[in-house]
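Inspection log for the structure reproduced underneath, given as structure tokens.
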Amino acid sequence: MARNTLLINVDIGETRVGLVEDGILGELYVERRRDRSPVGNVYVGKVTRVLPGMQAAFIDIGLDRAAFLHVEDLLKKGTDLEEDESEKTKGGRPKAHISRATPIRDVLKEGQRLTVQVAKGPIGTKGARVTSHIALPGRYIVFHPDVDYFGVSKRIGNERERARLKEVVASLKPEGSGLVVRTMAQTLTKKDLKGDIGYLVNAWEKAKEKIASGKRPPYLVHEEPDIILRTARDMFTEDIHEIIIDDPHEYERIREFMALFQPERVGDITLYEGREPLFDEFGIEDEISRALSRKVPLASGGYLIIDQAEALTAIDVNTGRFTGKGKDVSETILQTNLEAVKEIGYQLRFRNIGGLIVVDFIDMEKANHRERVYQALLQVLKKDKARTTAVRISEFGLVEMTRKRTRESLGRTLYEPCFYCDGTGHLQSKTTICHEIFRQMRREQDSLPGYSIVVNAHPAVCDLLEREEKASLDEAAKRLQRKIILQPRREYHLEQFDLTAQ
């Protein structure tokens with residue numbers, strides 16, 4: 001296997017893509033047939049609610065939850081921009097968008113039909129976020145059918161190459177539409193780009209026919225390719241040496257797709273035919289288990305504790321059994337924190353953790369040590385494709401940072417809250433439940449007729465009442481003037497119990 005490889009595991013109802021960089025699993029993407037991401041899909045939706053106070057609206061696009069649309073994600077009608085105006089404003093949005101100062105009721109009303117594209121998929125309890133600014137990505141070009149402009153990716157730094165690509169795109173741009181050249185288009189000829197543009201224009205023409213059909217919304221008019229073709233289109237760059245895929249049918253499909261856009265790289269696609277499962281053969285399964293555990297070991301003996309809550313993710317750095325090698329305590333702490341920085345950068349990217357993140361480094365007394373760790377963190381974050389920000393380390397060793405949330409985190413994709421503890425990670429102790437039973441007896445004694453009270457509870461709780469809490473049980477029987485009968489129920493939850501009369 002080459003040092004930089006894309007591994008595609010096609011299984012029944014699920015496809016997984018692993019990006020291996022320098023022999024290490026850097027990113028993992030999972031797509032399940034019934035939970036396929038709607039990001040990039042174009043729908044004709046219906047405005048269900050307009051919220052003037054939030055300058056937003058909810059759009060029914062046929063998903064489980066209504067999609068969210070902010071007024072700034074609405075496109076002005078008949079927008080024409082010059083090429084140099086295609087750069088984004090300080091707020092990060094093209095000038096073609098409606099200003100946030102515009103009252104949303106002036107541009108949207110309930111019941112209105114609206115063509116939108118999913119910009120961000122559903123995350124947790126939130127629905128998808130949509131925009132009316134349609135952008136269809138190809139391998140080398142992003143096609144904007146509703147805005148008249150052209151531009152070049154800022155990642156292409158060579159000014160001569162930028163000028164050449166601008167000239168080429170200007171000659172190919174369909175009238176009234178927009179084109180943006182992607183980073184992978186460097187050094188490509190006019191012929192190469194023309195094929196990509198033709199493919200996107202044809203896709204939009206088909207979508208327009210569906211939009212004009214007059215069908216009752218909501219309905220889908222354009223669907224993004226599945227994860228296999230998206231991988232070939234967006235991730236199979238010059239830095240990636242090969243794709244290894246384990247399904248013969250998908251192998252042929254991905255070769256046909258690449259033959260249209262980059263025929264010289266068809267030979268870099270390999271069909272895996274080994275007896276062992278693909279991810280087992282290359283050690284990916286073990287790496288997934290290690291990287292998704294709550295406690296992540298560091299090579300020196302230290303470790304990270306990663307807890308993902310609803311509003312933020314907390315990462316705690318600990319020295320563990322690492323005591324340094326003849327160094328003083330401050331040097332040991334510094335080395336542990338520097339090692340933790342590399343693992344934190346990897347974990348954020350691999351798990352796709354987004355939102356607010358708080359990192360609790362081991363306290364460093366020296367200001368220059370805190371600065372070294374902070375600068376090391378910034379260097380690691382530069383390699384992350386997601387937008388990140390981080391403030392300086394406080395005197396308590398805390399770093400507050402954010403990472404743009406683009407999709408559900410890997411942990412929440414692969415795991416669900418524990419049905420037994422309801423996701424809390426804790427259960428009431430058996431002793432606590434015993435004393436809650438005693439209190440409930442006192443509450444219900446007048447409503448329970450007869451001479452006996454039957455306690456229906458989990459066997460472990462009944463066992464504790466019969467043994468360690470036997471004295472308390474006898475005292476309760478004496479106070480209540482009732483005989484107490486314990487009835488173990490294997491089907492009960494540990495915290496579940498009820499009282500009946502006999």
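No lab work stands behind these numbers, since they all come straight from the coordinates. Worth saying up front: this structure is predicted, and the values here are computed from it rather than measured. Please note: Cβ atoms are built from the backbone with ideal geometry, for glycine as well, and neighbour counts cover all protein chains shown.
Restriction of the trypsin sites (Lys or Arg not before Pro) in the range 334-371 to DSSP coil positions whose beta-carbon has at most 14 other beta-carbons within 10 angstrom yields LYS366. Between the Cα long axis of helix 190-211 and the first principal axis of the chain there is an angle of about 60°, rounded to the nearest 10.
Applied to the range 288-299, the Karplus parametrisation 6.51 cos²θ - 1.76 cosθ + 1.60 on θ = phi - 60° returns per-residue 3J(HN,Hα) values of 5, 4, 5, 6, 9, 6, 5, 9, 10, x, 9, 4 Hz, with x for Gly and Pro. In order along the range 409-424, the Karplus-derived 3J(HN,Hα) couplings, from 6.51 cos²θ - 1.76 cosθ + 1.60 at θ = phi - 60°, round to 5, 4, x, 6, 6, 8, 10, 9, x, 4, 5, 7, 9, 6, x, 7 Hz, and Gly and Pro are given as x.
Helix 248-261 and the long axis of the chain differ in direction by around 40°, with both axes built from C-alpha atoms. Panel note: the C-alpha atoms of the range 189-301, placed on their principal axes, show extents of 62, 38, 30 Å (largest first).
Relative to the longest principal axis of the Cα atoms of the chain, helix 329-351 runs at roughly 70 degrees.
With a 10 Å radius around each residue's Cβ, average the other Cβ atoms per peptide and rank 177-183, 478-484, highest first. Don't jump to the answer; show the numbers that get you there.
Working: 177-183: 20.6, 478-484: 13.1.
My ranking of the peptides, most packed first, is 177-183, 478-484.
Using θ = phi - 60° in the Karplus curve 6.51 cos²θ - 1.76 cosθ + 1.60, the 3J(HN,Hα) couplings for the range 265-276 round to 9, 4, x, 8, 9, 10, 8, 7, 10, x, 6, 6 Hz; x is entered for Gly and Pro.
Peptide packing for 296-304, 207-215 was compared via the average number of neighbouring C-beta atoms within 10 Å per residue; ordered from the highest value, the list is 296-304, 207-215.
Counting only Cα atoms, the chain measures 95, 69, 53 Å along its principal axes, largest extent leading.
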